Amino acid sequence: MKQTINLKVNGEACQIDVEPRTLLVYAIREILNLTGTHVGCDTSSCGACTVLMNGKAVKSCTLFAVQADGCEITTVEGLAKQDELHPIQQSFKEKHGLQCGFCTPGMMMLACEILQASEEMSEENLRKLLKGNLCRCTGYQNIVDSIADAKARMTAVA
Amino acid sequence: MIPASFEYFRANSVDEAIEMMAKYGDEAKILAGGQSLIPMMKLRFARPAKLIDIGRIDSLRYITLDGDTVKIGGLTTHRDLETSNLIAEKIPVLAECAHEIADLQIRNVGTIGGSLAHADPSADYPPVMLALDATVVARGQNGTREISINDFFISPFTTALGQDELLIEVKIPAMKSNEKGAYIKIAHPATGFGVVNCAVKIALSNGKITNARVAFGSFVTVPYRDESIEKFLQEKEATVDTIKQASEMVAEGKDIIGDYYADADYRRNLAKAVFLRVMKKALNLDS
Ligand SMILES: Cc1cc2nc3c(=O)[nH]c(=O)nc-3n(C[C@H](O)[C@H](O)[C@H](O)COP(=O)(O)OP(=O)(O)OC[C@H]3O[C@@H](n4cnc5c(N)ncnc54)[C@H](O)[C@@H]3O)c2cc1C
Ligand code: FES
Ligand code: FES
């Protein structure tokens, strides 16, 4: 039996009907048609499905959509404002933080939570925080550089 | 991977959750963060007909100090513990342990109650809880009871919690100024779960060990405290020599898990090495 849930997705309120077993990532991709959020492994390992739920990075393949009822969800589609890229997107673009791009939405959404922290972050700690996100292409160095660059960008503005 | 269908119920209070558990019996399972249960349901290792979601019971998410006891609500996330100032001050080894669990996304959602109730023998909390002398508080239809952590883990994925009982709190004595704790996990490189993990809490007085709690996990089916090692350490000088002698006793007489990644002999030797490292860390010894 389907259940009605309310979400605020990228700032917009929406109401959808889901089976309790519907995973959040499939609600996002197949009901809301926001296909920027990817499914890489479907086994909680790769982080391609990472979105923000009430500001915290979560793996949307490992949550039921009903658990997100009443929550704010931010997906990669919610980062840019009209034509203006979010600093994290700008940094990934300039620092070559992606190659095939499959892992990129998850990497950027994880980075969004990391970038909320006000304190300085060592490269070592940054690398540790990327533990739950896999990339088959870049070798991670450019991803680390991109996030550090975004951090510098956002600190400069603040 | 799609889990089998189930009926979903959200409990808004502990009482409501317990009522639902009593009503639905073993048809139902509790859903906390879902970070163990959902993967199990996707693989269809678990096919509960009903889920009782306790994730919104905010009154179960807290970390407080009551006299010399730190009280942690069952729904407190790994991330809460990792970043709590109170934990950093009163039980720093627990913050280190929580930090070792999975990745940021899982730590944002997974809960201490869920991890303990799940009782994966290679999880991070069990040896740490054993070393810290934790008490689990459970509430069911027949009221609230306390379970010593020594009696909590029964077999892999099975605890002393009753079918209708909710893990509502974990109580841990705050570390005293003469007590040191340490925890080390050697993780499987792909899954991040332990191959060997070991936690200790050592009380010291004038360079002597006055009390020791030593616990192991991951290489046995049920995490355990090694009371022979604890007894051996009692009243000994806190030296490298002492801990080297003690390390010979590690895993003695234990049935050790072996698999394609790490066979039993390897794990036995690794457990000795990890014990040495943990003790050196706790006692601040170098060589
Ligand atoms: C990719 C990945 C990596 C991981 N790596 C690690 C790791 O390195 N180390 C580690 O220790 N863990 C690891 N975990 C497991 C993680 O710590 C889980 O969060 C935790 O084991 C379960 O907590 P939960 O709140 O998500 O519980 P759930 O998944 O919701 O529940 C787990 C079980 O406990 C029961 N339960 C939950 N809460 C209660 C309660 N309050 N009272 C009674 N029963 C309850 C449920 O019915 C269920 O059977 C990993 C998980 C994933 C997906
Ligand atoms: S698809 Fe969710 S972690 Fe890989
Ligand atoms: S850019 Fe291809 S997987 Fe990361």
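Being surrounded by 20 or more Cβ atoms within 10 Å (Cβ to Cβ) and assigned to a strand (DSSP E or B) holds for only one residue in A:57, A:48, and it is A:57.
Out of A:48, A:80, one residue alone is small (Gly, Ala, Ser) and within 14 Å of chain B (Cβ to nearest Cβ). It is A:48. In a residue-by-residue description of the stretch B:11-32, the property of being small (Gly, Ala, Ser), closer than 15 Å to residue A:65 by Cα and within 16 Å of ligand 2 (Cβ to nearest atom) applies to no position. Note on the stretch B:21-52: residues that are open to solvent by less than 30 Å² (accessible area, probe 1.4 Å), among the hydrophobic types (A, V, I, L, M, F, W, C) and either without any contact (Cβ under 8 Å) to a residue 60 or more places away in the chain or within 8 Å of another protein chain (Cβ to nearest Cβ) (or both) amount to 7. Among the candidates A:22, A:4, the residue that is open to solvent by less than 50 Å² (accessible area, probe 1.4 Å), farther than 22 Å from residue A:137 by Cβ and away from ligand 1 (no atom under 16 Å from the Cβ) is uniquely A:22.
The residues in the stretch A:114-158 that are in a helix (DSSP H, G or I), small (Gly, Ala, Ser) and at pLDDT below 95 can be counted, and the count is 2. Among the residues making up the stretch A:107-134, those that are under 19 Å from residue A:90 (Cα atoms), more than 10 Å from every other protein chain (Cβ to nearest Cβ) and within 16 Å of ligand 3 (Cβ to nearest atom) are A:107, A:108, A:111. Of the strands (runs of 3 or more DSSP E) lying entirely inside the stretch B:123-175, those carrying at least 2 residues that are touching a strand residue (DSSP E or B) at 6+ places or on another chain (Cβ under 8 Å) are B:135-140, B:143-148, B:166-173.
Considering only helices (runs of 4 or more DSSP H) fully contained in the stretch B:22-111, which possess at least 2 residues that are within 25 Å of residue A:55 (Cβ to Cβ) and within 15 Å of the chain's Cα centre (by Cα)?
Helices (runs of 4 or more DSSP H) meeting the threshold: B:78-83, B:92-100.
Restricting attention to the stretch A:1-45, the residues being over 17 Å from the mean Cα position of the chain (by Cα), of a type in the set (A, V, I, L, M) and within 12 Å of chain B (Cβ to nearest Cβ) number 3.
When A:145, A:149 are screened for being away from ligand 3 (no atom under 14 Å from the Cβ), of a type outside the set (Lys, Arg) and either touching a Ser or Thr at 6+ places or on another chain (Cβ under 9 Å) or open to solvent by 90 Å² or more (accessible area, probe 1.4 Å) (or both), only A:149 passes.
The values are calculated or read from the model by the stated rules, or taken from the named source; none is laboratory data. Please read all numbers here as calculations on a predicted model, not as lab measurements. Here Cβ is always computed from backbone atoms with ideal geometry, including for glycine, and neighbour counts include all displayed protein chains. SASA here: full protein model, heavy atoms, side chains in, ligands and nucleic acids out. Shrake-Rupley method; radii C 1.70, N 1.55, O 1.52, S 1.80 Å.
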